[in-house]
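Comments concern the structure below.
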Amino acid sequence: MRIGIIGCGIAGQAAAIALARDGHDVTVFERFAEARPLGAGLLLQPSGQLALERLGVLDAAKRWGAPVQRLYGRTTGGRTVMDLRYAKLGKDVQGLGLHRAALFQALHDGVTASGAKVVLGFEVAKIKDMRAPHLIARDGRAEGPFDLVVDCAGAHDTLRKALDARQDDPVYPWGCLWAILPDRTGAFGQELRQVCEGAQIMIGILPVGRVPGAEAEGDHVALFWSLLHKQYGAQRTLGIDKLRARIEHYWPQAKPVLEELHDINQFTLATYRDVRMKNWRDKRVLVIGDAAHGTSPQLGQGANLALIDALTLASALRRNTDVEMALAAYEKMRRPHLRYYQTASRRVTPMFQSHKRMPGWFRDIFFGPMAKTPGIARIMRTTLAGVRKYPLGLWKLPD
Ligand SMILES: Cc1cc2nc3c(=O)[nH]c(=O)nc-3n(C[C@H](O)[C@H](O)[C@H](O)COP(=O)(O)OP(=O)(O)OC[C@H]3O[C@@H](n4cnc5c(N)ncnc54)[C@H](O)[C@@H]3O)c2cc1C
């Protein structure tokens, strides 16, 4: 089958590996002239690690990444709002903190080995004819027809609008500033730590291990600072010294990492959308990854879900020779898992990022005790691990 993939991000590369390995003739079209990773550090859950293992690139990712044993969140006043340990799910269960460039490198090597082709500098402006899809580039080049086109163009994708599917993709008013910094003291390994005050202040430090091409050798962390987009200009004007002092005011123990901040340009702004699509397919075109179901990153699931989408698509195509039937089967297989995480992300996000007081209070009062109540604690841990499905029960990766 001739398959065109739009976007050489996490979903696009994973789909290329899985589909080329099954013998399909796969070409990935990426808008940038150089394939490069976008965005902050990532926490890969056990579900995403299993997907990477199936893609044959987990060991390569692990050589860069850092193990994460626990998620620990507290208020600035010291009240525990989250304390989830992976080990309670099994002896060797853990998260994997990764710099995006490391995941990108591992997947990119996998794409090269799979025989899939990558065309750079091809920004798809239009998908023409859903029954025999062609890709039309912004500069007028055309490719196709394909037996199947997979749109993996990320949360801010505009191509999905061409599908005959009810959809909406509002941008969250809150985003975050993030920076990758060396962890020279080694004090921030093993745990994703968060400090919050209400739902207006949230700071996170995630260990991401070694960073390809970084000046400093050794382990690094991703630092996250929550903010309203409209405050972005004001934060930049404030300058790095004042911003660093602000963060240190809320989290004095973060000083060893904060001392690595010297320039406001070390921070990048991340924005997120809540992408909702009634269905993800139209004839021979399928949308996967953030383009289909982008969420806020509060639950740390987006990359994991994108990897699983890719493997599930390959599985559906192995079971059905007819493309449209395969895409219908894909939707059926993915819906319970994706519905759970989209709904959960929507519910949890205001508890960490909102101008309202109630959601933050709710989190401060209930999350700590909930994490100590056996049945509920298990739901919280399995939610974190990426293995729950809607309405109830545990999700399993298809063969
Ligand atoms: C601050 C932050 C923290 C996060 N933390 C986590 C985490 O801890 N764990 C986790 O699992 N997830 C996390 N995520 C979510 C994760 O980054 C996304 O879910 C993941 O990147 C989605 O992958 P994707 O391939 O669908 O999209 P992307 O990674 O966005 O890739 C899209 C690709 O398509 C290309 N493209 C776009 N338009 C076109 C076009 N028209 N033509 C050709 N190419 C195009 C882009 O250049 C890009 O290469 C986080 C996100 C943010 C913003």
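Structure above, values below:
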item	result
Net dipole in debye of the chain [+1 Lys, Arg Cβ; -1 Asp, Glu Cβ; about Cα centre; nearest 20]	1420
Listed residues Ala155, Ala371, Ala87, most fluctuating in the chain (Gaussian network, C-alpha, under 10 Å)	Ala87
Candidates Gly144, Gly97, Gly294, ranked by Gaussian network fluctuation over the chain, Cα under 10 Å, top entry	Gly144
Proxy reagent accessibility, fewest Cβ within 10 Å first, across Leu227, Leu98, Leu192	Leu227, Leu192, Leu98
Sparse-neighbour loop sites [trypsin sites (Lys or Arg not before Pro); segment 245-334; at most 14 other C-beta within 10 Å; DSSP]	Lys278
Candidates Leu238, Leu19, Leu313: whichever shows maximal mean-square fluctuation once the chain is modelled as a Gaussian network with Cα springs under 10 Å	Leu238
Folded to 0 to 90 degrees: helix 46-55 orientation relative to the chain principal axis, Cα	40
Peptides ranked, highest mean first, by Cβ atoms within 10 Å: ranges 323-329, 377-383	323-329, 377-383
Cα extents of segment 3-132 along the three principal axes, largest first (Å)	56, 30, 28
At R0 = 25 Å, FRET efficiency that the Cβ-Cβ distance of Thr271 and Ala214 yields, to 0.05	0.50
Two-decimal log10 I(q)/I(0) for segment 261-356, as the Debye equation yields it once each C-alpha is a single scatterer, q = 0.17, 0.18, 0.20 Å⁻¹	-0.77, -0.83, -0.96
Mean residue ellipticity (222 nm) of the chain, computed from DSSP H runs ≥ 4 via -39,500 (n - 2.57), nearest 500	-10500 deg cm²/dmol
Thr76/Gln190 FRET efficiency (R0 30 Å; Cβ-Cβ; nearest 0.05)	0.85
D (Stokes-Einstein, µm²/s), Kirkwood Cα radius, the chain, 0.692 mPa s at 37 °C	152
Low-density loop positions, GluC sites (Glu not before Pro), segment 10-115 - DSSP coil, at most 11 other Cβ in 10 Å	Glu34
Residues whose placed amide H lies under 5 Å from that of Lys126, excluding near-sequence neighbours	Ile136
Trypsin sites (Lys or Arg not before Pro) within segment 73-173: DSSP coil, no more than 15 neighbouring Cβ in 10 Å	Arg79, Lys91, Arg131, Arg138, Arg141, Arg166
For segment 145-239: rounded, prolate or oblate by the Cα gyration tensor [a/c cutoff 1.5]	oblate
Long pairs among Lys126/Lys283; Lys126/Lys278; Lys283/Lys332; Lys91/Lys332; Lys278/Lys332, criterion Cα-Cα beyond 24 Å	Lys91/Lys332
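Coordinate-derived values only; no laboratory data. Nothing here was measured: the structure is a model prediction, and the numbers come from that model. Cβ: placed from backbone, ideal geometry, glycine included. Neighbour counts: every protein chain shown.
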